[in-house]
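**Student:** This is the structure, below, for whatever I ask next.
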Amino acid sequence: MASALSEKLSRIVKEMRGQARITEANVADMMREVRLALLEADVALPVVRDFVARVKEKALGQEVVGSLTPGQVLVSVVNRELAATMGQGVADINLAAQPPAVILMAGLQGAGKTTTTAKLAKHLIEKRKKKVLTVSGDVYRPAAIEQLKTVTKQAGAEWFPSTPDQKPVDIAHAALDYARKRHFDVLLVDTAGRLAIDEALMLEIKQLHATLNPVETLFVVDAMQGQDAINTAKAFKEALPLTGIILTKMDGDSRGGAALSVRAITGAPIKFAGVSEKIDGLEVFDAERHAGRILGMGDIVALVEQVTAGVDMAQAQRLAAKVKSGEGFDLDDFLDQIRQMKKMGGLSSFMDKLPSAMAAKASEADLSRAEKDIKRKEGIICSMTPLERRKPDVIKATRKRRIAAGAGVHVQEVNRLLKEFEQMQGMMKKMKGGGLMKMMKRMGG
Ligand code: GDP
């Protein structure tokens, strides 16, 4: 995903190449860009200020060890802080209440409340095995009541009728009563939204809250809303004790900066993300992944690789040309690749470039094992004759034994390497140059 921030950081990371520590001087430039980029992603100014100050504090004085660059260290601090601000871990819907557990849905008209109510009903039925009732308190728009009826049916939940001549609080009482008598586990209450915040609306939803005493009060907000999300979030936070946020329309092309603002302003965890108009388009919110989206982390990872690795583009081009011309990818090329990997500063530094969730999966032990593995592979290929490297087909049992002895490994390891090489060769053939160049460009700029 291309993003303005990654482009800007790219430039600064390049400028920072070779510096040994994050200092006031070099962090200032980067933070200025981070700040601009967050604003471009529609994060609210006070949230940006606060965020930038925090990152700066965490980053300052950080030692830049091994083959890492200050830029790289800073990128990972920014990413980690972004994820932390948006809330780590998964916070599923709280249903710890005397049944029925009431969930109140709040938000502006068009935010996706009704759709999300049905999505949530489906989630609770399927994932939590709950018996779910929905009701609409939107007495201003008969169409909204009908809409809830339709989507509730799609979700496989039951819908409690309401009419425009009723008062929302009366509807709430009746639905609650019905839910108790029929032993529903959950009552989802959709509410009226206006196009903008108004006093009457806020008063009404406050009254509903007092009547229903919900275990969850969820603020539904459109991720595409950008800067406006802040004022909406403020108004709803002042009116209601929000327990969670659902960000809708995350399938849109916004950078999703609203997530950071809304989370910071309400203090409530972002529980789910709406990712399509369809009834099953609801996902548990993943802060790490979303940080990546705001930052354009994929690009940053590639760019950081480029900075530390100094991938040899001439060599990559030779390789691409070779594959394209139909010449085979041979063990010499495979060795080059292994060496590129080593040049990048080994696997442990490589892992530092990945989003932390991914990196966390690989333990220290895994990494040192993987690094030893690279060294062994290099040793094996170096024990081969030039002919063997160019034409691996000639490597039969006797040659394998000689190579293994030369590299000080078991024959099985030689076999494993040859197999891996074959897989890589197959992949290269499929790529036919064009795809390969693209990949190399990503790696090497
Ligand atoms: P409400 O006024 O807050 O109840 O909003 P609705 O539930 O009626 O949704 C408004 C519009 O947004 C509808 O056209 C929905 O289909 C659409 N919508 C809701 N959630 C999502 C989402 O996660 N992704 C997309 N693409 N559209 C959504």
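The values are calculated or read from the model by the stated rules, or taken from the named source; none is laboratory data. This one's a predicted model, so the numbers in the text were calculated from it and none came from an experiment. Positions of Cβ are generated from backbone atoms using ideal geometry, with glycine treated the same way; all protein chains shown enter the neighbour counts.
**Student:** In segment 159-204, what residues are more than 16 Å from the ligand (Cβ to nearest atom) and of a type in the set (F, W, Y)?
**Tutor:** F160, Y178, F184
**Student:** Ok, one more. Being touching a strand residue (DSSP E or B) at 6+ places or on another chain (Cβ under 6 Å) and more than 9 Å from the ligand (Cβ to nearest atom) is the filter here, so list the residues in segment 247-283 that pass it.
**Tutor:** A259, V262, R263, A268, P269, I270, K271, F272, E283
**Student:** Now a separate question. Which residue pairs have Cβ atoms under 9 Å apart, sit 6 or more places apart or on different chains, and have a first residue in segment 274-285 that is in a loop (DSSP other than H, G, I, E, B) and charged (D, E, K, R) and a second that is more than 9 Å from the ligand (Cβ to nearest atom) and modelled with pLDDT under 95?
**Tutor:** Correct list of pairs: empty, since none qualify.
**Student:** Could you list, ordered by first residue, the pairs with Cβ atoms under 6 Å in which the first is in segment 141-158 and away from the ligand (no atom under 11 Å from the Cβ) and the second is aromatic (F, W, Y), at least 6 apart or interchain?
**Tutor:** Filtered contacts from segment 141-158: K149/W159; T152/W159.
**Student:** When you go through L417, L436 one by one, which is the residue that is modelled with pLDDT of 90 or more and not assigned by TED's automatic domain parsing to the domain that holds V78?
**Tutor:** After ruling out the rest, the residue left standing is L417.
**Student:** From the residues in segment 119-140 that are surrounded by 24 or more Cβ atoms within 10 Å (Cβ to Cβ) and over 19 Å from P168 (Cβ atoms), which one is farthest from the ligand (Cβ to nearest atom)?
**Tutor:** Result: V132.
**Student:** Given the criteria modelled with pLDDT of 90 or more, assigned by TED's automatic domain parsing to the domain that holds D333, among the hydrophobic types (A, V, I, L, M, F, W, C) and surrounded by 12 or more Cβ atoms within 10 Å (Cβ to Cβ), does I374 qualify?
**Tutor:** So I374 does not fit the description; no.
**Student:** Give me the pairs: first residue in segment 206-224 and of a type in the set (D, E, K, R), second residue outside any strand (DSSP E or B) and within 11 Å of the ligand (Cβ to nearest atom), beta-carbon distance under 8 Å, and six or more apart or on different chains, which are they?
**Tutor:** D222/L108; D222/G110; D222/A111; D222/G112; D222/K249
**Student:** Answer yes or no as to whether G110 is under 21 Å from K234 (Cβ atoms), more than 16 Å from the ligand (Cβ to nearest atom) and of a type outside the set (D, E, K, R). Break it down into steps so the answer makes sense when it comes.
**Tutor:** Numbers: under 21 Å from K234 (Cβ atoms): yes; more than 16 Å from the ligand (Cβ to nearest atom): no; of a type outside the set (D, E, K, R): yes.
No, not satisfied.
**Student:** Considering only residues of segment 211-246 that are surrounded by fewer than 18 Cβ atoms within 10 Å (Cβ to Cβ) and among the acidic types (D, E), which is farthest from the ligand (Cβ to nearest atom)?
**Tutor:** E238
**Student:** Just to be sure before I move on: is V52 outside the structural domain of T117 (by TED's automatic domain parsing) and either buried (at least 20 other Cβ atoms within 10 Å of the Cβ) or modelled with pLDDT of 85 or more (or both) in the structure I sent?
**Tutor:** yes
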